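Everything below concerns the one structure shown next.
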Amino acid sequence: MAGDTLLHRITDYANRADPYPLYAELRQSRVARQDDGSYVVGTYHDIAALLHDPRISSDRRKLNNPDEDAYDLEPAFISVDDPEHDRLRRLAMRPFGPPHTPGRVDAMRGGITRIAEELIAGFRGKDRIDLVDDFAYPLPVTVICRLLGVPREDEPLFRAWSDTIIARIDPVSDEDSAERLRAGVAARQAMGLYLGELADRRRGHPSDDMLSAYVNDEGSEGHLTRTELMATSVLLLIAGHETTVNLITNGMLTLLRHPEELERLRRQPSLMPRAVEELLRYEPPVQMLPQRTPLADIDVSGTLVPKGAPLVLMIASGNRDPKRFHDPDRFDPTREDNQHFGFGSGVHNCFGAPLARVETQIALTQLIRHLDSPRLIEDPPPYRRSAILRGPRHLAVGFGAAGS
């Protein structure tokens, strides 16, 4: 049956530039059992139900055959279930958003705009750029460094760590899997120790950043332990830039492939928030959620998924489901009915979604405003290896001139 090897084909790098025909095939199966005993779900309504089902765990330790070597630090809140998830997430959220710090993201708009303008100013005298290396990567990295309180000069360290950690979580079984796991464990330990030591130096010497808040603010709900702080900080540092890099890059790639929509946004920048929501549906930065496990036997569209089996939710497939979205393969920046899975859904919806939205709205607005006659130099571009965090590794963009 085609479903037996469907996940292998989806994760095959040869299909990275356009996995959407495979997602359409997956939706025909609704639930596809793989030869490794995992189950892949691809329809919108099934994914939505599972994301809100308390019988579905995000804790990989609940798998029938958990890999004990994978647990180097304590799991971050994204990888545990309630009530522990709720406690950790609330403590992590205290210095970031409502109800304790409601103005944090809005207060960052001016700074994000200045970072974008400074990066674009660096385009002067050029007629082409690599959008990833010259803009889409440095913008969110600068933002998350400032937010957490990480010295910007240490960015090369955590870029290498991030790449290694992400390679570890990809659902690809091959002769290199064990080595990727070992390298990912070591990278997460190293990043965690680095961030823990950085936070320790802020204890009693706070500045206006989240690491300082975690070690100096004593709320009524308690505080993160040192190991919890390390795991949380690793998660926020990686998630705080990796998904946004893809969202900005996928977004600009999509707009360059739809020049009429790019021009409409140039004329009507007020449409950008809605356009970003459509980009989250049409080309989401996270393609799948590979770390879900049923806590009991569960029926999914007539397929019995047994307790403890690996469950993969292909959210990018759900975002293109014609039973939920009209004309789903069409990019429509004015789409109104757009309850997508770009940031997940349910209790594990993306912690940093408000910041990623603001960064992407500002980034794309500034690029459209300042780049004269932008055009793709290579299409499709070379993609990153990751099938989970799917986006171009490089995006060569030519233009007539950069505005001031």
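The values are calculated or read from the model by the stated rules, or taken from the named source; none is laboratory data. Being a predicted model, the structure only gives us computed values, none of them experimental. Neighbour counts run over all protein chains shown; Cβ positions are idealised from the backbone, glycine included. Accessible surface is based on the protein model in full, side chains and every heavy atom, while ligands, DNA and RNA are left aside. Shrake-Rupley method; radii C 1.70, N 1.55, O 1.52, S 1.80 Å.
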Quiz item: Scanning for something farther than 30 Å from residue 329 by Cα and part of a helix (DSSP H, G or I), does region 254-262 turn up at least one residue?
Solution: no
Exercise. Hey, can you tell me all the residues within region 287-301 that are assigned to a strand (DSSP E or B) and of a type in the set (S, T, N, Q)?
Key: 291, 293
Quiz item: Does residue 200 qualify as being in contact (Cβ under 8 Å) with a residue 60 or more places away in the chain, charged (D, E, K, R) and open to solvent by less than 80 Å² (accessible area, probe 1.4 Å)?
Solution: no
Quiz item: Given (1) open to solvent by 50 Å² or more (accessible area, probe 1.4 Å); (2) free of Cβ contacts under 8 Å to residues at least 24 places away in the same chain; (3) closer than 24 Å to residue 354 by Cβ, where does residue 218 come up short, assuming only one miss?
Solution: (3)
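Yes/no matrix, rows are residues, columns are (1) modelled with pLDDT of 95 or more; (2) farther than 22 Å from residue 284 by Cβ; (3) open to solvent by less than 20 Å² (accessible area, probe 1.4 Å); (4) of a type outside the set (A, V, I, L, M):
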| residue | (1), (2), (3), (4) |
| --- | --- |
| 14 | yes, no, no, no |
| 31 | yes, no, yes, no |
| 35 | no, yes, no, yes |
| 38 | no, no, yes, yes |
| 42 | yes, no, yes, yes |
| 52 | yes, no, no, yes |
| 57 | yes, yes, yes, yes |
| 88 | no, yes, yes, no |
| 102 | no, yes, no, yes |
Quiz item: What is the residue count in region 1-12 for residues that are in contact with a Ser or Thr (Cβ under 8 Å, 6 or more places away or on another chain) and buried (at least 21 other Cβ atoms within 10 Å of the Cβ)?
Solution: 2
Quiz item: Among the residues of region 62-86, which ones are modelled with pLDDT under 85 and farther than 20 Å from residue 164 by Cβ?
Solution: 62, 63, 64, 65, 66
Quiz prompt | Residues of region 219-271 that turn out to be within 23 Å of residue 80 (Cα to Cα), more than 20 Å from the chain's Cα centre (by Cα) and hydrophobic (A, V, I, L, M, F, W, C), as a count | solution = 2
Exercise. Please work out if residue 376 is aliphatic (A, V, I, L, M) and crowded, with 20+ Cβ neighbours inside 10 Å.
Key: no
Self-check item: Condition met for residue 331 (crowded, with 19+ Cβ neighbours inside 10 Å, at pLDDT 95 or above and part of a loop (DSSP other than H, G, I, E, B))
Solution: no
Practice problem: Read through the list (1) open to solvent by 70 Å² or more (accessible area, probe 1.4 Å); (2) touching a helix residue (DSSP H, G or I) at 6+ places or on another chain (Cβ under 8 Å); (3) at pLDDT below 95; (4) under 18 Å from residue 279 (Cα atoms), then give the number of the only condition that residue 347 fails. | Solution: (4)
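Conditions (1) over 21 Å from residue 241 (Cβ atoms); (2) modelled with pLDDT of 95 or more; (3) open to solvent by 40 Å² or more (accessible area, probe 1.4 Å), marked per residue:
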| position | (1), (2), (3) |
| --- | --- |
| 283 | no, yes, no |
| 318 | yes, yes, no |
| 322 | yes, yes, yes |
| 362 | no, yes, no |
Exercise. Quick one: which residue in 311, 289 is within 16 Å of residue 49 (Cα to Cα) and open to solvent by 10 Å² or more (accessible area, probe 1.4 Å)?
Key: 289
Practice problem: Under 6 Å between Cβ atoms, at least 6 apart or on separate chains: pull out the pairs that start in region 122-140 with a residue that is closer than 16 Å to residue 376 by Cβ and in contact (Cβ under 8 Å) with a residue 40 or more places away in the chain and end on any residue that is in a helix (DSSP H, G or I) and open to solvent by 20 Å² or more (accessible area, probe 1.4 Å). | Solution: 135/119
Quiz prompt | Residue pairs meeting the criteria (Cβ under 7 Å; at least 6 apart or on separate chains; first under 13 Å from residue 255 (Cα atoms) and in a loop (DSSP other than H, G, I, E, B), in region 354-374; second of a type in the set (D, E, K, R) and modelled with pLDDT of 95 or more) | solution = none
Quiz item: When you go through (1) in a loop (DSSP other than H, G, I, E, B); (2) surrounded by fewer than 13 Cβ atoms within 10 Å (Cβ to Cβ); (3) modelled with pLDDT of 90 or more one by one for residue 110, which number turns out not to apply?
Solution: (1)
Quiz item: Just checking, which of 215, 150 is outside any helix (DSSP H, G or I) and at pLDDT 90 or above?
Solution: 150
